[in-house]
Amino acid sequence: MLPIDLTGKRAFVAGIADDHGYGWAICKALAAAGAEISVGTWPPVLSLLQKSLERDRLDLDLPGGAKMKIAKIYPLDAAFDAPEDVPAELREDKRYKDLSGYTISEAAEAYKQDHGEQSLDVLVHSLANGPEVKKPLLETSRKGYLAALSASAYSLISLVQRFGPLMRPGGAIVSLTYMASERVIPGYGGGMSSAKAALESDTRVLAFEAGRKWNVRVNTVSAGPLPSRAAKAIGTIELLLDYYKKNSALPENNTAADVGHAAAFLCSPLGAGITGTTVYVDKGYHSMGMEPEALAGAQS
């Protein structure tokens with residue numbers, strides 16, 4: 001038996017808002033492998049996540065009847081690197097004014113104060129936001145485009161800058177990307193496709209730079225569509241799910257657990273030789289160049 005064993009390892013998963021998305025599935029997979037889980041949560045949903053956890057309303061079930069434990073929830077707004085970057089009006093917003101320490105540098109410092117130097121083994125970037133995602137690229141404003149790149153791509157660079165010094169040699173960093181980085185997905189606009197392309201390019205460069213500086217690996221997982229709350233907000237998720245199911249090499253949709261397990265593998269010693277790579281977890285959709293139904297129709 002060759003298990004994924006992360007016993008004694010610590011993971012920080014940035015971008016957890018609920019128990020429906022890929023980030024949560026990664027948390028569960030890492031926890032099932034034995035890792036201690038801490039998460040970074042966007043301030044506007046921090047209270048809701050904390051209350052849901054306290055009231056046992058989250059899916060914490062692990063194989064064998066165990067329950068996932070979250071060591072700590074850190075407030076984290078990945079659009080800001082340091083306190084001076086936060087606009088005055090946002091600091092006074094009711095969702096922020098009672099909070100402090102939610103920029104990336106402050107979250108890293110808080111984690112360091114809690115655990116010490118070289119105390120982190122796994123860093124997960126599960127962050128994406130495009131305020132104009134429903135707009136075609138031709139209608140996207142400069143502000144909306146740059147906001148998408150800031151929150152969805154540059155945030156990875158900033159996280160690695162601040163959390164990299166806290167990572168133990170041999171650690172692993174993983175992010176989530178999407179096929180829109182290399183193919184046209186109508187309806188996925190606002191600069192989000194550009195942000196995912198940047199994320200994948202940055203993954204390769206960071207794999208080299210962070211690998212040489214701290215001896216950590218950097219990869220990204222290109223996942224198929226999932227009917228998460230964020231995806232449903234875009235409005236085309238059911239169409240995407242149906243299309244993927246009909247046209248993937250395996251005629252089915254991937255699950256959140258599929259992605260969680262792949263990420264856990266990449267972050268484990270079993271993935272020690274993999275870095276700078278985009279790993280596809282989409283039932284083989286990315287490898288297809290023609291609709292199977294089109295071929296069946298031509299042969300009939």
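Rule-based calculations on the coordinates, nothing more; no lab input. Not measured: the values here are computed from a predicted model. Please note: Cβ atoms are built from the backbone with ideal geometry, for glycine as well, and neighbour counts cover all protein chains shown.
For a 29 Å ceiling on Cα separation, which of these pairs sit above it: 72/135; 196/246; 112/213; 67/94?
Long pairs (Cα-Cα over 29 Å): 72/135; 67/94.
Of 286, 265, 133, which is farthest along the charge dipole of the chain in the positive direction, counting Lys and Arg as +1 and Asp and Glu as -1 at C-beta?
The residue sitting most towards the positive pole is 265.
Tell me which residues come under 5 Å, amide H to amide H, from residue 277 once H is placed; ignore anything under 5 positions away on its chain.
Here 220 satisfy the definition.
For segment 200-271, rounded, prolate or oblate, judged on the Cα gyration tensor with a ≥ b ≥ c (square roots of eigenvalues), a/c < 1.5 rounded, else prolate if a/b > b/c?
Here segment 200-271 falls in the prolate category.
If we count other beta carbons within 10 Å of each Cβ, what is the order of 243, 280, fewest first?
243, 280
Starting from the Cα-Cα distance between residue 82 and residue 118, subtract it from 0.36 nm times their residue separation and give me the gain in nm to one decimal.
10.8 nm
Plugging the Kirkwood radius over Cα pairs into Stokes-Einstein for segment 54-141, at a temperature of 37 °C and a viscosity of 0.692 mPa s, what D comes out in µm²/s?
199
Using only C-alpha atoms and all pairs of different ones, pull out the Kirkwood radius for the chain in Å with one decimal.
Details: mean 1/r = 0.0506 Å⁻¹.
In the chain this quantity evaluates to 19.8 Å.
Between segment 158-176 and segment 193-231, how far is it from one alpha carbon centroid to the other, in angstrom?
Using only Cα atoms, the two centres lie 12 Å from each other.
I'd like the FRET efficiency for residue 1 and residue 61, computed as 1/(1 + (r/R0)^6) with the beta carbon distance as r and R0 of 25 Å, rounded to 0.05.
Taking R0 as 25 Å, the efficiency between residue 1 and residue 61 is 0.65.
In whole Å, what are the extents of segment 1-94 along the principal axes defined by its C-alpha atoms, from largest to smallest?
55, 27, 19
Quick one: if the Förster radius is 30 Å, what FRET efficiency do residue 215 and residue 109 give, using the C-beta to C-beta distance and rounding to 0.05?
0.85
Could you please state, rounded to a whole Å, how far the C-alpha centre of segment 241-270 is from the C-alpha centre of segment 61-97?
When both Cα centres are located, 27 Å separates them.
Show the residues, 5+ positions off or on another chain, whose built amide H is closer than 5 Å to the amide H of residue 177.
221, 222, 223
Taking a point 7 angstrom from the Cα of residue 243 along the C-beta vector, which residues in segment 1-36 have backbone N less than 15 Å away?
Correct set: none at all.
Can you compute the charge dipole magnitude of the chain about its Cα centre, using +1 on each Lys and Arg Cβ and -1 on each Asp and Glu Cβ, nothing else charged? Give it in debye, rounded to the nearest 20.
Result for the chain is approximately 140 debye, rounded to the nearest 20.
Normalise the Cα radius of gyration of segment 145-256 by 2.2 N^0.38 Å (N = residues in it) and let me know the number.
The reported ratio for this selection is 1.19.
What is the antiparallel percent of DSSP beta bridges lying wholly in the chain, to the nearest 5? Each step should come with its number before you reach the end.
On the way: 1 of 30 bridges.
Among the beta bridges of the chain, antiparallel pairing accounts for roughly 5 percent.
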